[in-house]
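The block underneath contains the structure these notes are about, expressed in structure tokens.
The values are calculated or read from the model by the stated rules, or taken from the named source; none is laboratory data. Here the structure is a predicted model, which is why all the values come from computation and not from measurement. Please note: Cβ atoms are built from the backbone with ideal geometry, for glycine as well, and neighbour counts cover all protein chains shown. Accessible surface areas use protein heavy atoms only, side chains included; no ligands, DNA or RNA. Shrake-Rupley method; radii C 1.70, N 1.55, O 1.52, S 1.80 Å.
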Amino acid sequence: MSQQLTNLESLRSALQSAMADDETVVVFGEDILDPYGGAFKVTKGLSTAFPNRVFTTPICEGAIVGMANGLALRGMRPVAELMFGDFITLAADQLINHAAKFPAMYNGRVTLPLVVRTPMGGGRGYGPTHSQSLERMFCGVPHLSVVAPTIFHDAGKLLRAAIASDGPVVFIENKLLYPLRQQLHSTATIQHDVLDPEAEYPTVRLRNFGAGDSADVTLIANGGVSRFLPSLLERLADEEIRLQAVLPSVLSPLPPIAPLAAAAADSGRVVIAEEGIATNGWGAELAARLYESCMGRLACPIVRIGAMPTVIPAAKHLEDEILPSETTILNAILKVLS
Amino acid sequence: MMIASPNSFTITHQLAEHFYAQMLLIRQTEQQFLELFAQGKLNGTVHTCIGQESSAVAVVNAMDTQRDIIFSNHRAHGHFLAYCGDVEGLLAEVLGREGAVCGGIGGTQHLHAGNLYTNGIQGGIAPCATGAALAEKMKRSGAITTVFLGDGTMGQGAVYESMNIAALWQLPILFVLEDNGIAQSTPKQQEHAGDLSTRAQTFGIQTFTADSFDVLALHQTTVAAVGLVRQQQCPAFLVVNCYRLGPHSKGDDTRSPEELAAVEQRDPLRQLELQIDPEQRQLIQQSVQQRIQAAVQDVLGRPFISREGKE
């Protein structure tokens, strides 16, 4: 059953099925061939199954994404892997000035079905240049989509949607989510539903209370921080605090604001959490949009949680202080409730 | 070689006239752009290839424009016109009028027609072109890809990343270096160590060298390079030594009068003119002039493009 898959298994099986279903899908990246199968093993088995369409590349992130752009312009559906999300800066020109520009600046006369997959996030002690969540730097780039599954999304389905899309997508995979099992259905304590089931990249809602009640607080979060939610929802349920977590899977452009604003207004108290730096981040844009939409219905200012604005230390105890945790999110929730 | 046939004299003459007409069309279209700019009718900027038209014409005519692919850069009018000859579409593009090839969004540096793609970022098109070459190789279309680079662009790492992969994977791509010896205002000697023409050799890519002064010889060299790329399904590097007679864009030429006079002597259009029958030359000149005048009149009479209905 699909809900039994880990995030990694879901992504791997999506790549397999996408390549089996469509021979224009080609996969590129560093060290992705079997037996190694990629630094995080998402591509494991692919080069054995599709030896002519899986390419291991030299270390050249700019050219990896640039080549993918050329393939996409010529009718292929490239999926490029960047080994660590931190390396995406080396491909920024290809993403911002090529992938996101070609269809628009040629007045819609070309499509650019590109997916750049890359793992982001810390918590593994890799230090300043192998732990960041840089997706916010690509949020707000016109005509570029940024998608990030949580453990409450079917990651493979999102990846298939990204591959099927005719525009460029940066697909963020959080390293700590890879081994976690996806949770796609309600449990005894957590109600799981999808706000917009028809959307290409749906938004999941989790509640630790029954339908019909209003939430005390709304947490809007994405990607890696979703790993804190099973515990957080249960802890707050024990305290009789009704929490609803709203988890968009597309970070940029933001999904339609009305359902998010309705969820925010339902509780009147909002916390936004992301693993990346909060300053000038995804949450900053989201908060601004919520203020524009429903400021009068908020009981208190929105609180944003993210990494502290500094480099991510390698030493575990120092790294823990910099990155958001279950505790920092819990404290923010208690703050908006007080 | 295509010229070594019994009636090579006739073929050479036909080719010379054909090339002359195309080069003149490019030259006069760009001169028209500069004039329209001076009149305040053309907004923004244009990077002309005045003096380098022969490179565009020789290279593009060596390709199979029905299926081959071209990537070009900020100085792309010549490549565009040699490829599709759409003077009206290009004029409309730089003037923001109806009928523009890219809806007035792309302007002079960001053009697309058929299998031609241009972008204004130096070097960024090199990996895109390499990817296009891989796509065509995977599709077994038989198409090759040509990417036009300038000497200034040889400072970009993306170019060498692309050459490495193109050679490693044996992709059918022709890297064309239009070496005019100057990047915007900085002479080549102040930007590059070593010899640019040897850059591809270390990747095992065969290098061809020619001069833009003689368009027919340049064409012959390009035919050989294109033949290698297509038949062997491998990359090649074509170095075209050329001469930028005009400024980088407009009014930004800091070269001395002596330098300019020297490059003036290397004008391929004037050189080719000497090889064309005077009567024929006059006919071509009249026809090109009429074509451009009519296009300008037509396009200036069209309405400006509206953003209505666009996201």
Residue identified as among the aliphatic types (A, V, I, L, M), part of a strand (DSSP E or B) and in contact (Cβ under 8 Å) with a residue 12 or more places away in the chain among A:Val271, A:Val336:
A:Val271
Of the conditions (1) more than 14 Å from chain A (Cβ to nearest Cβ); (2) open to solvent by less than 20 Å² (accessible area, probe 1.4 Å); (3) at pLDDT 95 or above, B:Asp64 clears all except one; give me its number.
(2)
Region A:201-234 - residue that is closer than 20 Å to A:Gly276 by Cα and open to solvent by 10 Å² or more (accessible area, probe 1.4 Å) and, of those, nearest to the chain's Cα centre (by Cα)
A:Arg227
Filtering region A:174-192 down to residues that are outside any helix (DSSP H, G or I), among the hydrophobic types (A, V, I, L, M, F, W, C) and buried (at least 19 other Cβ atoms within 10 Å of the Cβ) yields A:Leu184, A:Ile190
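Matching residues to (1) in contact with an Asp or Glu (Cβ under 7 Å, 6 or more places away or on another chain); (2) facing another protein chain (nearest Cβ under 7 Å); (3) of a type outside the set (Gly, Ala, Ser):
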position: B:Cys102; (1), (2), (3): yes, yes, yes
position: B:Gly106; (1), (2), (3): yes, yes, no
position: B:His112; (1), (2), (3): no, yes, yes
position: B:Leu116; (1), (2), (3): no, no, yes
position: B:Gly123; (1), (2), (3): no, no, no
position: B:Cys128; (1), (2), (3): no, yes, yes
position: B:Ser141; (1), (2), (3): no, no, no
position: B:Phe148; (1), (2), (3): yes, no, yes
Could you list, in sequence order, the residues of region A:153-169 that are in contact with a helix residue (DSSP H, G or I) (Cβ under 6 Å, 6 or more places away or on another chain) and either within 21 Å of A:Val246 (Cβ to Cβ) or not in a loop (DSSP other than H, G, I, E, B) (or both)?
A:Ala155, A:Gly156, A:Leu159, A:Arg160, A:Ile163, A:Val169
Condition first: touching a helix residue (DSSP H, G or I) at 6+ places or on another chain (Cβ under 6 Å), of a type in the set (S, T, N, Q) and crowded, with 24+ Cβ neighbours inside 10 Å. Now tell me which residues in region A:33-83 satisfy that.
A:Asn69
Check A:Phe171 against each of (1) open to solvent by less than 10 Å² (accessible area, probe 1.4 Å); (2) at pLDDT below 95 and name the one condition it does not meet.
(2)
Answer yes or no as to whether A:Gly125 is surrounded by fewer than 24 Cβ atoms within 10 Å (Cβ to Cβ) and either facing chain B (nearest Cβ under 7 Å) or outside any helix (DSSP H, G or I) (or both).
yes
Given A:Ser186, A:Ser252, which one is touching a strand residue (DSSP E or B) at 6+ places or on another chain (Cβ under 6 Å) and without any contact (Cβ under 8 Å) to a residue 40 or more places away in the chain?
A:Ser186
What pairs come up if the first residue lies in region B:234-245 and is over 22 Å from B:Ala135 (Cα atoms), the second is modelled with pLDDT under 95 and in a strand (DSSP E or B), and their beta carbons are under 8 Å apart, counting only those six or more places apart or on different chains?
B:Arg244/B:Ile182
Heads up, the helices (runs of 4 or more DSSP H) in region B:201-305 (entirely inside) with at least 3 residues that are among the polar types (S, T, N, Q) and at pLDDT 95 or above are B:215-232, B:278-300
Inspect region B:196-215 for any residue being in contact with a strand residue (DSSP E or B) (Cβ under 6 Å, 6 or more places away or on another chain), aliphatic (A, V, I, L, M) and under 21 Å from B:Trp169 (Cβ atoms) and give the result as yes or no.
yes
Of (1) away from chain A (no Cβ under 14 Å); (2) within 27 Å of B:Glu279 (Cα to Cα), B:Asp86 satisfies all except one. Which?
(1)
Conditions (1) modelled with pLDDT of 95 or more; (2) surrounded by 14 or more Cβ atoms within 10 Å (Cβ to Cβ); (3) farther than 18 Å from B:Gln275 by Cβ; number of the one not met by B:Gln22
(3)
B:Gly51 vs. criteria open to solvent by less than 10 Å² (accessible area, probe 1.4 Å), more than 13 Å from chain A (Cβ to nearest Cβ) and assigned to a loop (DSSP other than H, G, I, E, B)
yes
Look through B:Arg270, B:Arg291, B:Arg199, B:Arg302 and report the one residue that is open to solvent by 40 Å² or more (accessible area, probe 1.4 Å), basic (Lys, Arg) and under 22 Å from B:Ala126 (Cα atoms).
B:Arg199
Across region A:93-118, what is the total count of residues that are surrounded by 20 or more Cβ atoms within 10 Å (Cβ to Cβ), more than 10 Å from chain B (Cβ to nearest Cβ) and among the polar types (S, T, N, Q)?
1
With respect to B:Ala135, determine if the residue is within 10 Å of another protein chain (Cβ to nearest Cβ), open to solvent by less than 10 Å² (accessible area, probe 1.4 Å) and not in a loop (DSSP other than H, G, I, E, B).
yes
Would you call A:Glu81 at pLDDT 95 or above, within 11 Å of chain B (Cβ to nearest Cβ) and either within 19 Å of the chain's Cα centre (by Cα) or closer than 27 Å to A:Ser131 by Cβ (or both)?
no
For region B:150-166, what are the residues that are more than 7 Å from chain A (Cβ to nearest Cβ), of a type outside the set (Gly, Ala, Ser), open to solvent by 10 Å² or more (accessible area, probe 1.4 Å) and assigned to a helix (DSSP H, G or I)?
B:Tyr160
